[in-house]
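*Asks:* Here it is, the structure, as structure tokens.
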Amino acid sequence: QGMCLGEYTHHHGRRREAVYRQNGGTFWLYQKTDKYAYVSTSLGSDQAYLRVEAENILLASWQFWDGQSWCEDKELKLFNWNSLQSLPTVCRRITISSKGTGMTYHKDSFGSFNRVDGFYQ
């Protein structure tokens, strides 16, 4: 799910709900009628790469789809710019790796990504 990471910008959805588009990428962050917010390439889709309980989005554990079920990832976090202002610097480079089954299912999603013009590539 490394391709889902990056900076997202607020947009208005079809019914004026808040949705977020990945800067320089193809992903959307949106809430459906259930209790989750999702990350997918298709706005409003039931087929998503990541999800999180929307009510507590900044603190809840994210989940990723492994092809069969949702699996918890306690390390993945969502930050807004206000919470990042307290950090000495914004992360310029991220490295995504796995020692588990992620390497089997998503080996193309791992590597080092540099922040360029507001998104990671």
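*Asks:* Please list, or write none, the aspartates and glutamates whose alpha carbon is within less than 13 Å of the alpha carbon of Lys32, excluding same-chain residues fewer than 8 places away.
*Replies:* Glu17, Asp46, Glu53, Glu55
*Asks:* Along the charge dipole of the stretch 1-68, which of Leu58, Gln1, Gly24 sits closest to the positive end, that is, farthest toward it, with unit charges on the beta carbon of Lys, Arg, Asp and Glu (+1, +1, -1, -1)?
*Replies:* Gly24
*Asks:* If you don't mind, there's one more thing I want to ask. Return the lysines within reach of Lys99: Cα separation strictly under 20 angstrom, same-chain partners fewer than 8 residues apart disregarded; answer none if there are no such residues.
*Replies:* The qualifying lysines are Lys74, Lys77, Lys107.
*Asks:* P(r) of the stretch 1-52 in 5 Å steps, Cα pairs, percent per bin?
*Replies:* Final binned percentages: 5, 23, 35, 26, 10, 1.
*Asks:* Continuing with this model, one more query. By the gyration tensor of its Cα atoms, with a ≥ b ≥ c the square roots of the eigenvalues, what is the shape of the stretch 21-74: rounded for a/c under 1.5, prolate for a/b over b/c, or oblate?
*Replies:* Since a/c stays below 1.5, the shape of the stretch 21-74 is classed as rounded.
Since every read-out is calculated from the coordinates, none of them should be taken as a lab result. Quick caveat, the model's predicted, so the values are computed rather than measured. Don't worry about glycine lacking a Cβ; one is built from the backbone with ideal geometry, like all the others, and counts go over all protein chains shown.
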